[in-house]
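Read the structure below first, then the notes.
The values are calculated or read from the model by the stated rules, or taken from the named source; none is laboratory data. Only a predicted model underlies this, so the values are computations on that prediction, with no experimental measurement involved. Every residue, glycine among them, receives a Cβ derived from its backbone with ideal geometry; neighbour counts consider all protein chains shown. Accessible surface areas use protein heavy atoms only, side chains included; no ligands, DNA or RNA. Shrake-Rupley method; radii C 1.70, N 1.55, O 1.52, S 1.80 Å.
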Amino acid sequence: MRIRVMTEQDIPAGLRLNTLSGWNQTSADWNRFLTSSPQGCFVTEDDRKVVGTAATINYENRFAWIGMVLVDPGYRKQGIGTQLLKKAIEYLDHSRIPAIKLDATPLGKPLYTKLGFVDEYGIERWILNRPPETIRAMSPSPCAPLTERQKEQIFTLDRQLFGADRTFLLRSLCEEAPELVRAVWRDRMPECFAFGRHGLFADHLGPCMATSRAAAEKLVREFVAQSARETLVVDCIKSNVGAVESLAAAGFVLSRPLTRMVRGPNAYPGTPDSVCAILGPEFG
């Protein structure tokens, strides 16, 4: 077996692995990784069969993200995931990225701790499952598409909240799922906003920012109404009580905890207290 750089030809293999693991990523998500980090995504292959993956994204050289550490179920417990993770860290260290972040499951957290990652804050995944008849009975409210100026205003606000520019990701969300983009405006400036994307088995809300519980409830309610999927997913900042209560009120059920972790100086933490939901564990 060997580790090499991932290419576009490996996307079907990556999709196979995340499908086997029950993850929600699509080919579009894999393309986002390869477009933003063409030399920073890796696969392990056994006789030309891809049996593991790991992906990275560099955010303005302020910090980088590691995600999509996946191993074929038939190849687990052989250290493949650990070696891929170390390869990603080595690549980012060589690129002189000062900090590395990731969102850890309880199972993976001990390994990340051994590799120098420390806790930043807690995240909770919430899921809503709806019967088909509920979706058919809904009447989504149309929403005017954002102007280029409005998009730029939202991207600027997100840069402050996240800690770095990720306009390239948010633009791709606008293009892929414009009906899931929502914003609340005050004096022609964005007060709250939410994006969404169409995953493999569910629509995913995030990133989402709201300044009050009322605003969070409005954005969650509109996301639920606009989505035509039976399953909806939100990765919520655990300390944001208003957002958590809004999800519970909308019928979402707590699924699992995650921990945002960082290795290196956390010089650009953003303002997570203002965030309701992250883009996703793979992107931050």
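Anything in the stretch 214-231 that is charged (D, E, K, R) and surrounded by 23 or more Cβ atoms within 10 Å (Cβ to Cβ)? List them, or say none. Show your work before the answer.
First, the residues of the stretch 214-231 that are charged (D, E, K, R): 217-218, 221-222, 229-230.
The answer is none; no residue qualifies.
Looking at I89, is it in contact (Cβ under 8 Å) with a residue 60 or more places away in the chain, part of a helix (DSSP H, G or I) and closer than 29 Å to P265 by Cα?
On the way: in contact (Cβ under 8 Å) with a residue 60 or more places away in the chain: yes; part of a helix (DSSP H, G or I): yes; closer than 29 Å to P265 by Cα: yes.
In short, yes.
Looking at the stretch 238-258, can you tell me whether even one residue there is part of a loop (DSSP other than H, G, I, E, B) and acidic (D, E)? Spell out how you get there, then give the answer.
Restricting attention to the stretch 238-258, the residues satisfying the condition of being part of a loop (DSSP other than H, G, I, E, B) are 238-240, 250-252.
From what's left, acidic (D, E): none.
Checked the stretch 238-258: no residue is part of a loop (DSSP other than H, G, I, E, B) and acidic (D, E).
So which residues in the stretch 157-181 are closer than 17 Å to G199 by Cβ and hydrophobic (A, V, I, L, M, F, W, C)? I'd like the intermediate steps shown before the answer.
Within the stretch 157-181, the subset closer than 17 Å to G199 by Cβ is 169-170, 172-181.
Correct list: L169, L170, L173, C174, A177, L180, V181.
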Find all pairs meeting these conditions: Cβ atoms under 7 angstrom apart; at least six residues apart or on different chains; first residue within the stretch 237-254 and within 14 Å of A277 (Cβ to Cβ); second residue modelled with pLDDT under 95 and part of a loop (DSSP other than H, G, I, E, B). G242/S212; A243/A210
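Give, as residue ranges, the strands (runs of 3 or more DSSP E) completely inside the stretch 1-80 that count at least 2 residues that are within 30 Å of Y268 (Cα to Cα). Don't jump to the end; show me each part of the working.
Numbers: elements: 2-5, 42-46, 49-59, 63-71.
Per the criteria, 42-46, 49-59, 63-71.
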So, in the stretch 206-232, how many residues would count as being of a type in the set (A, V, I, L, M) and closer than 18 Å to F155 by Cβ? 3
So which residues in the stretch 64-95 are more than 16 Å from M261 (Cα to Cα) and among the β-branched types (V, I, T), if there are any at all? V71, I80, T82
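Sort out which residues of the stretch 17-48 are of a type in the set (D, E, K, R), surrounded by 14 or more Cβ atoms within 10 Å (Cβ to Cβ) and without any contact (Cβ under 8 Å) to a residue 60 or more places away in the chain, and write them in order of number.
If the condition is that a residue be of a type in the set (D, E, K, R), surrounded by 14 or more Cβ atoms within 10 Å (Cβ to Cβ) and without any contact (Cβ under 8 Å) to a residue 60 or more places away in the chain, then E45, D46 are the ones that fit.
Please state which one of Q83, Q153, Q78, Q160 is closer than 22 Å to L34 by Cβ and among the polar types (S, T, N, Q). Even if it seems obvious, please write down each step before you answer.
Values: Q153 fails: closer than 22 Å to L34 by Cβ; Q78 fails: closer than 22 Å to L34 by Cβ; Q160 fails: closer than 22 Å to L34 by Cβ.
Sole residue among the options that is closer than 22 Å to L34 by Cβ and among the polar types (S, T, N, Q): Q83.
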Could you check the stretch 232-257 and list, in sequence order, the residues that are among the aliphatic types (A, V, I, L, M), closer than 14 Å to G122 by Cβ and surrounded by fewer than 21 Cβ atoms within 10 Å (Cβ to Cβ)? V241, L254
When (1) open to solvent by less than 20 Å² (accessible area, probe 1.4 Å); (2) closer than 20 Å to P269 by Cα are applied to T211, the one that fails is (1)
Would you confirm, using the coordinates I've provided, whether G280 is farther than 21 Å from T113 by Cβ, of a type outside the set (V, I, T), in a loop (DSSP other than H, G, I, E, B) and open to solvent by less than 20 Å² (accessible area, probe 1.4 Å)? yes
Take the residues in the stretch 54-70 that are crowded, with 23+ Cβ neighbours inside 10 Å and free of Cβ contacts under 8 Å to residues at least 60 places away in the same chain, then tell me which one is nearest to L20 (Cα to Cα). L70
If I ask for residues that are in contact with a Pro (Cβ under 9 Å, 6 or more places away or on another chain) and open to solvent by 10 Å² or more (accessible area, probe 1.4 Å), which ones from the stretch 182-208 would you list? A183, V184
Where residues in the stretch 83-132 are open to solvent by less than 40 Å² (accessible area, probe 1.4 Å), under 19 Å from T53 (Cα atoms) and not hydrophobic (A, V, I, L, M, F, W, C), which of them is modelled with the lowest pLDDT? G108
